[in-house]
Amino acid sequence: MNFLSVTDLTPDQLAEVVALGLEVKRDPASVAGALSGKTIGLFFAKPSLRTWVSTDIAADQLGMHPLLLPGAQVGLGSREAPQDVGRVLDRYLDALGMRVFGHEDLVAVATNMEAPVINLLSDREHPCQALADVMTVAEHRPVEGSVIAFVGDGNNVAHSLMLAATMLGAEIRVATPPGYEPDPEIVATARSFGTVVVTDDPAEAVAAADAVYTDVWASMGQEAEAQERRRLFERYRIDSELFGRAADDAIFLHCLPAHRGEEVTDEVLDHARSRVIDQAENRLHSFKAILLYLLR
Ligand code: CP
Ligand code: NVA
């Protein structure tokens, strides 16, 4: 079984993994060494702080041997075809985490491996991030019945959040500039699970929401569009005024890294109800949970 998309889990399985993440956070000793003797490769074709560090430490604390596979070293699709990389790594590894540009590279590797492949971010999804996101909402209030607003680019992080939120019974509202909406296929899948609002009006998305989420306006690989996007996304910045339209006890979320002053102001990122550092911590616990779910 792979974890390339949030929808590789059923809603019940997703709830189980999130509950396991919360349990592992409360009692890390209960799973120390649980996967000892196993090896995970961690491949990164793009930079990372949280994902790299948290996956390495999660694997180590479960007794696994984490092996960093730098993208430049492997040359996925340039030095070697993705299907051959998959067939070879399958003879060495018990699991493979991959951060790639094109989601199709992930699929090409995964279809040539028996060992589980875990998406550590592609242009389509960031499912491990979504595990930490819903876990962080769950620490605030029950995810079921919550309203989560995502404001900004309809990107990989938005996609996985839309799926995870609706699968767990939350309403998701996504506000993007026209032309930057989430993938219609993901919107349709999320709608099959629950309530999805897609709008170009940030105030409509945020109104009385329980959690307000944003991400960078230009993702890794879109640097050339950054200047144009700064102009188009100006109205979508989360500032105190916009955050103030959410519920009185609303939390602020961001997958990080943040571009301070761009998609979010310092006041909101550093607000007493900002949970971004807890959210980053939860990447560690939730990654242990998905490893245990896939490998135990
Ligand atoms: N949120 C996240 O995936 O951060 P990194 O890109 O630093 O891993
Ligand atoms: N949407 C961002 C997320 C980074 C964690 C990107 O893909 O660069």
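The values are calculated or read from the model by the stated rules, or taken from the named source; none is laboratory data. On a predicted model such as this, the values are computed, not experimentally measured, just so you know. Every residue, glycine among them, receives a Cβ derived from its backbone with ideal geometry; neighbour counts consider all protein chains shown. Quick note on the areas: whole protein, heavy atoms, side chains included, nothing else; ligands and nucleic acids left out. Shrake-Rupley method; radii C 1.70, N 1.55, O 1.52, S 1.80 Å.
Determine whether Arg283 is open to solvent by 60 Å² or more (accessible area, probe 1.4 Å), within 16 Å of ligand 1 (Cβ to nearest atom), more than 17 Å from Pro202 (Cβ to Cβ) and in contact with a helix residue (DSSP H, G or I) (Cβ under 6 Å, 6 or more places away or on another chain). No.
Selection of first residues in segment 145-158 that are more than 8 Å from Asp215 (Cβ to Cβ) and of second residues that are of a type in the set (Phe, Trp, Tyr) and more than 13 Å from ligand 1 (Cβ to nearest atom), restricted to Cβ pairs under 9 Å at least 6 apart or on distinct chains, gives the following pairs, ordered by first then second residue: Val151/Tyr236; Gly154/Tyr180. Criterion applied to Asp94, Asp105, Asp133, Asp153 was being over 16 Å from Ile186 (Cα atoms), of a type in the set (Asp, Glu) and open to solvent by less than 30 Å² (accessible area, probe 1.4 Å), and the one residue passing it is Asp133.
Scan segment 224-237 and tell me whether some residue there is in a loop (DSSP other than H, G, I, E, B) and open to solvent by less than 30 Å² (accessible area, probe 1.4 Å). Even if it seems obvious, please write down each step before you answer.
In the first step, residues of segment 224-237 are kept if they are in a loop (DSSP other than H, G, I, E, B); the result is 233, 237.
Next, only the ones that are open to solvent by less than 30 Å² (accessible area, probe 1.4 Å) stay: 233.
Checking segment 224-237: at least one residue is in a loop (DSSP other than H, G, I, E, B) and open to solvent by less than 30 Å² (accessible area, probe 1.4 Å).
Here is a check on your reading of the model: is Leu42 away from ligand 2 (no atom under 16 Å from the Cβ), among the hydrophobic types (A, V, I, L, M, F, W, C) and open to solvent by less than 10 Å² (accessible area, probe 1.4 Å)? Considered against the rule, which asks whether it is away from ligand 2 (no atom under 16 Å from the Cβ), among the hydrophobic types (A, V, I, L, M, F, W, C) and open to solvent by less than 10 Å² (accessible area, probe 1.4 Å), Leu42 comes out as no. Residue pairs whose Cβ atoms lie under 6 Å apart, sitting 6 or more positions apart in sequence or on different chains, and linking a residue in segment 200-221 that is farther than 16 Å from Tyr180 by Cβ and away from ligand 1 (no atom under 14 Å from the Cβ) to a partner that is part of a helix (DSSP H, G or I) and of a type in the set (A, V, I, L, M, F, W, C), are Val206/Leu242; Ala211/Val137; Val212/Val206; Val212/Phe243.
Filtering segment 108-130 down to residues that are charged (D, E, K, R) and open to solvent by 20 Å² or more (accessible area, probe 1.4 Å), which residue is nearest to ligand 2 (Cβ to nearest atom)? I'd like the intermediate steps shown before the answer.
Going residue by residue through segment 108-130, those that are charged (D, E, K, R) are 114, 123-125.
Now drop any that are not open to solvent by 20 Å² or more (accessible area, probe 1.4 Å), which leaves 114, 123-124.
Details: Glu114: 28, Asp123: 7, Arg124: 10 Å.
Ranking the candidates gives Asp123 first.
Of the residues that sit in segment 156-185 and are of a type in the set (Ser, Thr, Tyr) and not in a loop (DSSP other than H, G, I, E, B), which one is surrounded by the fewest Cβ atoms within 10 Å (Cβ to Cβ)?
Thr166
Restricting the first member to segment 242-262 and to residues that are among the polar types (S, T, N, Q), and the second to residues that are part of a loop (DSSP other than H, G, I, E, B), no beta-carbon pair is closer than 8 Å while six or more apart or on different chains.
Across segment 131-147, the qualifying residues are those that are aliphatic (A, V, I, L, M) and in a helix (DSSP H, G or I), and the one among them that is farthest from ligand 2 (Cβ to nearest atom) is Ala138. Here Asp248 meets each of (1) in a loop (DSSP other than H, G, I, E, B); (2) surrounded by fewer than 21 Cβ atoms within 10 Å (Cβ to Cβ); (3) touching a helix residue (DSSP H, G or I) at 6+ places or on another chain (Cβ under 8 Å) with one exception, condition (3). Report whether or not Glu281 is over 21 Å from Arg141 (Cα atoms), of a type in the set (Asp, Glu), at pLDDT 95 or above and touching a Ser or Thr at 6+ places or on another chain (Cβ under 9 Å). No; evaluated as a whole, the condition is false for this residue.
Would you pick out the residues in segment 268-296 that are of a type in the set (Val, Ile, Thr) and over 20 Å from Ala246 (Cβ atoms)? Write out each step before concluding.
Step one: list which residues in segment 268-296 are of a type in the set (Val, Ile, Thr), which gives 268, 276-277, 290.
Listed by number, the list holds a single entry, Ile290.
In segment 190-210, how many residues are over 20 Å from Phe233 (Cβ atoms) and open to solvent by less than 50 Å² (accessible area, probe 1.4 Å)? Break it down into steps so the answer makes sense when it comes.
To start, the set of residues in segment 190-210 that are over 20 Å from Phe233 (Cβ atoms) comprises 190-196, 208, 210.
Add one more test, that the residue is open to solvent by less than 50 Å² (accessible area, probe 1.4 Å), and what stays is 190, 194, 196, 210.
Residues in segment 190-210 being over 20 Å from Phe233 (Cβ atoms) and open to solvent by less than 50 Å² (accessible area, probe 1.4 Å): 4 in total.
Elements of the type strands (runs of 3 or more DSSP E) sitting completely within segment 1-119 and holding at least 1 residues that are more than 18 Å from the chain's Cα centre (by Cα): these cover 39-44, 65-70, 95-99.
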